[in-house]
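Here's the structure, in structure tokens; my notes come after.
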Amino acid sequence: MELKSYQQEVINDLSGFIEQLEKSEQLNVAFSRFWESKGISLQTLEDNYLKPYDNSIKGVPRVTVKVPTAGGKTFIACNAMKPIFESFPPDKPKVAVWFVPSDTILKQTFKNLNDPSHPYRQKIDSHFGSAVKVLDKESLLFGQGFNPVEVKEQLSILVLSVQSFVETVRKGLPRAYRENENLAEFPKTFKNLDKLLPNVDETALIQVLAQLNPVVIIDESHNFEADLRIDMLNNINPSFIFDLTATPRNKSNIISFVDAIKLKKNNMVKLPVIVYNHQDTNEVITSAIQLQKTLESKAKTEEENGGKYIRPIVLFQAQPKTDDDNVTFEKIKAQLIEIGIPENQIKIKTAEKDEIKNIDLMSRDCEVRFIITVNALKEGWDCPFAYILASLANKSSSVDVEQILGRVLRLPYVTKHIQELLNFSYVFTSSSNFLNTLDKIKVGLNKEGFSSKDFRVKESQIETEQPSAVQGSFETLFTQIQQTDTVTDNSTNYSEPEINVESVKVLSESEKTQQKLTDIIDLAQNTNKEFENTIKELEKEDNLIPTELMDKVKTYPIKEVFKDEVKNIKLPAFYKKVSQNSFFETGGTFVPLTKNLLLDGFDLSKEDTKIDFTKTSSEMASIDLVEGRKDEYVPEYRKVSDQVKEAFVQYISTLSPEGKINQLAGRLAQQVKRNDEIPEPKIIEYIKKAIADLNSEKIAEISHDEYFYSTLIKNKINSLTDKYAEKQFITLLDKGSVVCQDSFEFHKKISPKNTVQGITKNLYVEEGEMNDFEKKVINEVANLDSVVFWHRNLERGKGFQLNGFINHYPDFIVKMKNGKIILIETKGDHLDGSDSSQKIRLGEKWASKAGDNYRYFMVFNNAKLDGAKSLGELIEILKDMK
């Protein structure tokens with residue numbers, strides 16, 4: 001099981017924040033710079049969620065990712081542990097405290113993470129070499145698989161509920177705070193005595209966790225914010241806090257937004273929600289039964305044509321006076337049977353009665369098509385076959401669909417279905433105050449991380465009330481979450497559903513019912529067309545700005561005069577042919593080329609190990625400067641790393657020469673290993689060879705400054721992989737396995753952090769900032785009669801990338817009157833680093849393969865590399881391209 005594209009973007013965002021943190025070692029600076037890299041200034045942004053870094057947990061990175069229901073939060077968390085733990089010193093114990101909001105979800109999470117055959121566990125095992133142990137509270141308290149030796153050698157995932165650490169009047173002091181002889185071995189290993197809690201026995205679980213300094217993962221944190229007190233988190237002494245939630249709290253440090261459009265594109269959800277109001281409960285039941293039959297018929301047709309088995313389910317939401325009013329539920333069940341539904345197709349699921357317990361609702365042998373419930377399905381229940389939520393509340397009663405709306409949103413098999421009605425979810429009501437009901441639906445969507453833009457309703461149903469109050473449009477899909485905590489009608493006058501069995505039987509055969517069903521189907525089909533068009537438009541927007549923030553960030557559109565010019569431009573990029581996994585597909589397919597795809601066959605053990613380990617005085621001064629930055633925004637694990645380092649230095653001094661090399665190579669490899677293309681054992685062997693002939697003084701020096709020397713080694717390995725990748729690139733180009741294909745389209749709008757004005761023929765209303773030499777180059781180019789327009793290419797995923805053995809974002813894209821597209825990379829005379837030659841070689845290969853209408857030039861002011869041009873030479877070439 002691999003990450004969906006939007007899930008990979010979340011992990012990329014996490015890695016991006018960690019990268020900024022490693023550079024600045026300041027939490028607030030890293031957070032601001034992270035968002036600046038996406039063109040967003042936190043100081044000027046007016047947004048309820050996204051604000052400057054909140055440092056409530058002093059010295060602990062705490063970040064949040066906003067992922068709606070059905071977005072795969074658990075799988076994202078499984079993948080997030082790798083970049084988080086890789087950012088720590090190599091000796092730090094790998095312990096993750098995984099908090100979940102309820103016992104139901106706790107059982108599910110523990111079961112899945114503990115199952116070696118489950119995709120979640122398989123992904124974690126692949127990242128941590130299968131040295132993984134998953135523990136629950138009881139295992140921890142009894143010390144089963146949890147002791148100092150095992151903790152040191154494995155990743156320990158502790159799946160817990162927050163309630164285990166909260167004192168209550170009824171239960172008193174939690175067991176996690178009590179003396180525990182089963183954990184008596186841990187205090188002997190305690191080093192950070194200042195983290196011990198006063199008046200708590202040192203063998204208590206909370207003391208052990210605090211000494212282990214765990215990563216804390218908070219799954220669905222919006223469900224238990226009240227319990228997540230600052231003092232409780234401080235007691236656990238976390239090294240990193242990773243929140244996943246559909247609805248972030250006000251002080252969340254959000255680093256990634258996932259919106260509805262991304263889930264829909266990746267076939268995760270049944271959106272939008274099709275809402276239809278009826279005259280009474282009888283009509284609701286009739287429509288639900290008829291639509292269920294229609295959907296099941298569509299599902300059978302799809303299966304006959306190669307699709308998977310689907311049996312659509314209706315959730316009948318009854319709202320009796322009390323949740324345990326089983327008489328009402330049984331009566332509804334009896335009435336449904338009398339209407340003609342077989343008894344084995346109907347089940348009751350309430351807090352007091354659970355007829356679907358231990359039933360696999362997705363099994364072909366299961367007959368269930370109708371479930372009667374109140375709110376018992378609101379958490380920990382997941383069946384993608386649930387398609388229709390039908391409220392049995394009477395016209396005068398309050399409708400509480402918001403509590404379980406999320407249960408009908410997951411799309412079966414994460415696959416877009418050919419029968420398009422199977423790609424939506426449906427809500428049926430019979431309310432005299434339909435606008436209030438729609439408010440409730442908005443609340444329900446908000447709770448699941450969606451918005452009022454994610455449902456559709458027939459306009460004629462609301463014209464008599466307030467037509468402007470509802471109709472959501474995909475054109476502004478998810479641009480703003482409307483936080484609706486309350487609705488206008490707080491009525492609680494629930495009464496027994498008014499179901500007339502004979503009326504339902506008559507309605508089932510009536511033209512009126514058929515017309516309603518036609519209306520519902522038409523609404524769904526029209527919505528699908530609208531959605532497809534909206535996806536195409538949104539894909540042309542700046543894809544680094546979350547859709548949710550687009551209306552809060554200053555953007556600059558393409559000038560009207562150039563809109564026709566750019567409409568049909570698609571810049572080519574390199575693609576690699578890869579084989580298909582499917583038995584039915586042959587010939588392979590082409591995917592965007594990455595460096596990883598060029599490293600097949602690379603063997604680090606056969607490469608040279610000559611590395612200059614000399615450290616200059618300027619490098620020493622730079623290191624001292626970084627070490628001097630110590631305040632409350634510096635991550636705590638950075639501060640304690642000196643203690644760990646000194647302990648290792650002392651330990652390594654007692655070893656034999658061979659032992660020193662083995663230990664040091666292992667530690668250096670842990671910091672180098674972020675190079676995912678090469679297995680860690682290969683890196684260890686390479687480092688052993690590289691340091692084998694160093695004297696004891698140099699070994700001691702390296703052990704004192706692992707970060708500096710691991711960076712030298714990493715740079716050496718990167719240079720070796722670059723060289724190999726370039727050789728492979730040329731070979732595959734010659735073979736035709738790497739080709740140029742049309743790829744990049746200009747975004748409709750851009751959002752650079754800072755802009756420049758005053759240079760003619762700019763493509764966008766304002767272009768991104770540039771240095772003095774860049775301004776000089778593009779100003780002279782723009783004033784040529786042969787130029788149509790120019791654009792300052794943006795970086796880091798926002799602009800056009802020359803992809804190959806390196807990734808290269810040229811500075812400018814210029815359109816000429818003779819139809820040619822020119823890429824220009826500028827270099828001041830002092831910027832002639834080694835990557836300049838690589839860029840020239842890649843740019844020239846791109847131009848030769850892209851076609852006669854494309855050129856690439858690197859421009860220096862005076863001095864230049866082979867293949868580069870001076871500014872005067874460039875102008876001479878371009879001036880005649882009319």
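The values are calculated or read from the model by the stated rules, or taken from the named source; none is laboratory data. In this text, all values refer to a predicted model and were calculated from it rather than measured experimentally. Positions of Cβ are backbone-derived with ideal geometry, glycine not excepted, and every protein chain shown enters the neighbour counts. When the accessible area is computed, the model is the full protein with side chains, heavy atoms only, and any ligands, DNA or RNA have been set aside. Shrake-Rupley method; radii C 1.70, N 1.55, O 1.52, S 1.80 Å.
Annotation for the range 808-817: at least one member residue is closer than 21 Å to residue 719 by Cβ and either outside any helix (DSSP H, G or I) or at pLDDT 90 or above (or both). Residue 760 - would you say it is free of Cβ contacts under 8 Å to residues at least 40 places away in the same chain and touching a helix residue (DSSP H, G or I) at 6+ places or on another chain (Cβ under 6 Å)? It is true that residue 760 is free of Cβ contacts under 8 Å to residues at least 40 places away in the same chain and touching a helix residue (DSSP H, G or I) at 6+ places or on another chain (Cβ under 6 Å). Among all residues of the range 174-192, there is none that is free of Cβ contacts under 8 Å to residues at least 12 places away in the same chain, among the acidic types (Asp, Glu) and surrounded by fewer than 16 Cβ atoms within 10 Å (Cβ to Cβ).
Within the range 30-56, the set of residues being surrounded by 18 or more Cβ atoms within 10 Å (Cβ to Cβ), closer than 26 Å to residue 99 by Cα and modelled with pLDDT under 90 comprises 49, 50. Taken over the range 772-791, the criterion of being open to solvent by less than 30 Å² (accessible area, probe 1.4 Å) and not hydrophobic (A, V, I, L, M, F, W, C) is satisfied by 774, 786, 791. Taking the criterion of being at pLDDT 90 or above and either in contact with a strand residue (DSSP E or B) (Cβ under 7 Å, 6 or more places away or on another chain) or surrounded by 23 or more Cβ atoms within 10 Å (Cβ to Cβ) (or both), the residues of the range 365-388 that qualify are 368, 369, 370, 371, 372, 384, 385, 386, 387, 388. Quick check: anything in the range 531-542 within 27 Å of residue 284 (Cβ to Cβ), open to solvent by less than 80 Å² (accessible area, probe 1.4 Å) and either modelled with pLDDT of 70 or more or touching a Leu at 6+ places or on another chain (Cβ under 7 Å) (or both)? Checking the range 531-542: at least one residue is within 27 Å of residue 284 (Cβ to Cβ), open to solvent by less than 80 Å² (accessible area, probe 1.4 Å) and either modelled with pLDDT of 70 or more or touching a Leu at 6+ places or on another chain (Cβ under 7 Å) (or both).
Given the criteria open to solvent by less than 20 Å² (accessible area, probe 1.4 Å), in a loop (DSSP other than H, G, I, E, B) and more than 19 Å from residue 41 (Cβ to Cβ), does residue 800 qualify? Spelling it out, residue 800 is indeed open to solvent by less than 20 Å² (accessible area, probe 1.4 Å), in a loop (DSSP other than H, G, I, E, B) and more than 19 Å from residue 41 (Cβ to Cβ). Among the criteria (1) within 23 Å of residue 772 (Cβ to Cβ); (2) in contact (Cβ under 8 Å) with a residue 60 or more places away in the chain; (3) in contact with a Leu (Cβ under 8 Å, 6 or more places away or on another chain), the one residue 840 does not fulfil is (2). With respect to the conditions (1) of a type outside the set (Val, Ile, Thr); (2) surrounded by 18 or more Cβ atoms within 10 Å (Cβ to Cβ); (3) within 26 Å of the chain's Cα centre (by Cα); (4) in a helix (DSSP H, G or I), residue 125 falls short on a single one, namely (2). I'm trying to understand the selection: among the residues of the range 262-282, which are open to solvent by 10 Å² or more (accessible area, probe 1.4 Å) and on the phi < 0 side of the Ramachandran plot? Matches in the range 262-282: 262, 264, 265, 266, 268, 276, 277, 279, 280, 282. Each residue in the range 418-458 was checked for being of a type outside the set (A, V, I, L, M, F, W, C), part of a strand (DSSP E or B) and at pLDDT 70 or above, and 3 pass. Flag: residue 609 does not match the condition of being loosely packed, with under 11 Cβ neighbours inside 10 Å and either more than 30 Å from residue 238 (Cα to Cα) or modelled with pLDDT of 85 or more (or both). Pick from the range 193-214 the residues that are at pLDDT 90 or above and of a type in the set (Asp, Glu): which of them is surrounded by the fewest Cβ atoms within 10 Å (Cβ to Cβ)? Restricting to residues being at pLDDT 90 or above and of a type in the set (Asp, Glu), the top hit is 201.
The helices (runs of 4 or more DSSP H) found wholly in the range 618-727 and carrying at least 2 residues that are at pLDDT 85 or above occupy 657-672, 680-691, 696-704.
For the range 97-107, the criterion of a residue being more than 19 Å from the chain's Cα centre (by Cα) and farther than 27 Å from residue 384 by Cβ is satisfied by at least one position. Looking at 287, 252, just one residue is touching a Ser or Thr at 6+ places or on another chain (Cβ under 9 Å), part of a loop (DSSP other than H, G, I, E, B) and either open to solvent by less than 40 Å² (accessible area, probe 1.4 Å) or at pLDDT 90 or above (or both), and that residue is 252.
When residue 734 is tested against (1) in a helix (DSSP H, G or I); (2) under 30 Å from residue 862 (Cβ atoms); (3) without any contact (Cβ under 8 Å) to a residue 24 or more places away in the chain; (4) not β-branched (Val, Ile, Thr), only condition (2) is not met.
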